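Data first, discussion second: the structure below is written as structure tokens.
The values are calculated or read from the model by the stated rules, or taken from the named source; none is laboratory data. Just so it is clear, the model here is predicted, and its values are computed rather than measured. Positions of Cβ are backbone-derived with ideal geometry, glycine not excepted, and every protein chain shown enters the neighbour counts.
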Amino acid sequence: MKLIEPSFKIEHAPAYFDMLDVIERAARTCYKSENKIKNGSAEKLIRSCIKQGHHSILEHCSITVRIACDRGVSHELVRHRLCAFSQESQRYCAYKDDVEFIRPYWFDESVGTRDWTNPSEHTAYSALRDAERYYQDLLVMGVAPQNARAVLPNATKTEIVITANIREWRHIFTLRCANAAHPEMRGIMVPMRTKFANLWPVFFEDLMM
Ligand SMILES: Cc1cc2nc3c(=O)[nH]c(=O)nc-3n(C[C@H](O)[C@H](O)[C@H](O)COP(=O)(O)OP(=O)(O)OC[C@H]3O[C@@H](n4cnc5c(N)ncnc54)[C@H](O)[C@@H]3O)c2cc1C
């Protein structure tokens, strides 16, 4: 059994300049003001459109991210309907060696490598270890991965690739970085929002305020 940290990686995004260009040209189509395109005009226009709630222009560009998280978080992510998802399958993939679990955020980093001091950590760690053992026993008995997965817990690590347009990412960040979101969701989404705002400030900087 392995306890691993959640992570994310940007798999694909158009160049920032191209995003600014296509979105500015789309937005200016509404006002037939393409003649006003010049250096810096895209940033100004897009900031103004975002402020006014003219957000449909942000649907012209999409960003793809790969996330490693637990199955609880991935189950929440797939509720977002305006995304494309591709997720590691527990039907077709068997965890033959170590089963990887995302380290619950309330586990100390040294859990599993030291004597137990915290009974709740000990109980949860034992449950994960037992789940792994039962899962692998079932595989050895010839049970198919799609049936053996029934004994795996929410903490099981999964990988999910998500493509969404800028408008939908903004919506996801608004919901999933809020204090009401699950701490493990926030643990992924808050740094992702910062990364997006650093890479593509015009589209995400206002969400950092
Ligand atoms: C803190 C928190 C707690 C939650 N708790 C629960 C819970 O206990 N149980 C539960 O079942 N879910 C829960 N959810 C999930 C939540 O109900 C939504 O399913 C999820 O957040 C997806 O968001 P969404 O529907 O706004 O947007 P998306 O699916 O991402 O869609 C984006 C936007 O597009 C529009 N849209 C999309 N589809 C339609 C449509 N068919 N009709 C009209 N407009 C549409 C809406 O404006 C929507 O906001 C929770 C979410 C959060 C953030």
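Residue by residue, here is whether (1) of a type in the set (Ser, Thr, Tyr); (2) within 25 Å of GLU121 (Cα to Cα); (3) out of contact with any His (no Cβ under 7 Å at 6 or more places or on another chain) holds:
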| site | (1), (2), (3) |
| --- | --- |
| ARG167 | no, no, no |
| HIS171 | no, no, yes |
| ALA181 | no, yes, yes |
| ARG186 | no, yes, yes |
| PHE204 | no, no, yes |
| MET209 | no, no, yes |
Exercise for the section: Tell me which of these HIS122 doesn't satisfy, since it passes every other one: (1) within 20 Å of ARG66 (Cβ to Cβ); (2) surrounded by fewer than 17 Cβ atoms within 10 Å (Cβ to Cβ); (3) away from the ligand (no atom under 16 Å from the Cβ). Expected result: (1)
Exercise for the section: Please give the number of the condition GLN52 fails out of (1) at pLDDT below 95; (2) surrounded by fewer than 17 Cβ atoms within 10 Å (Cβ to Cβ); (3) more than 14 Å from ILE4 (Cβ to Cβ). Expected result: (1)
Exercise for the section: Inspect region 134-149 for any residue being surrounded by 14 or more Cβ atoms within 10 Å (Cβ to Cβ) and in a loop (DSSP other than H, G, I, E, B) and give the result as yes or no. Expected result: yes
Problem - Looking only at region 97-119, and only at residues there that are surrounded by 13 or more Cβ atoms within 10 Å (Cβ to Cβ) and of a type in the set (Val, Ile, Thr), the one that is farthest from GLU11 (Cα to Cα) - result: VAL111
Handout entry: Out of ALA42, ALA68, sole residue that is among the aliphatic types (A, V, I, L, M) and over 30 Å from VAL140 (Cβ atoms)
Key = ALA42
Exercise for the section: Report yes if some residue within region 87-96 is over 11 Å from the mean Cα position of the chain (by Cα), hydroxyl-bearing (Ser, Thr, Tyr) and loosely packed, with under 13 Cβ neighbours inside 10 Å; otherwise report no. Expected result: yes
Handout entry: Members of region 168-186 found to be more than 10 Å from the ligand (Cβ to nearest atom) and surrounded by fewer than 17 Cβ atoms within 10 Å (Cβ to Cβ), listed by number
Key = PRO183
Practice task
Among the residues of region 19-40, count how many are closer than 16 Å to PHE203 by Cβ and either without any contact (Cβ under 8 Å) to a residue 24 or more places away in the chain or not in a helix (DSSP H, G or I) (or both).
Solution key: 4
Exercise for the section: Just name the residue that is surrounded by the most Cβ atoms within 10 Å (Cβ to Cβ) out of those in region 150-167 that are within 16 Å of the ligand (Cβ to nearest atom) and over 18 Å from LYS2 (Cβ atoms). Expected result: ILE166
Exercise for the section: Mind listing whichever residues of region 76-92 are within 14 Å of the ligand (Cβ to nearest atom) and without any contact (Cβ under 8 Å) to a residue 12 or more places away in the chain? Expected result: ARG79, ARG81
Fill in the blank from the handout: When region 60-75 is checked residue by residue, the ones that are among the aliphatic types (A, V, I, L, M) and more than 14 Å from the ligand (Cβ to nearest atom) are ILE63, VAL65, ILE67, ALA68
Practice task
Give me a count of the residues in region 182-209 that are among the hydrophobic types (A, V, I, L, M, F, W, C), over 30 Å from ASP98 (Cα atoms) and touching a helix residue (DSSP H, G or I) at 6+ places or on another chain (Cβ under 9 Å).
Solution key: 9
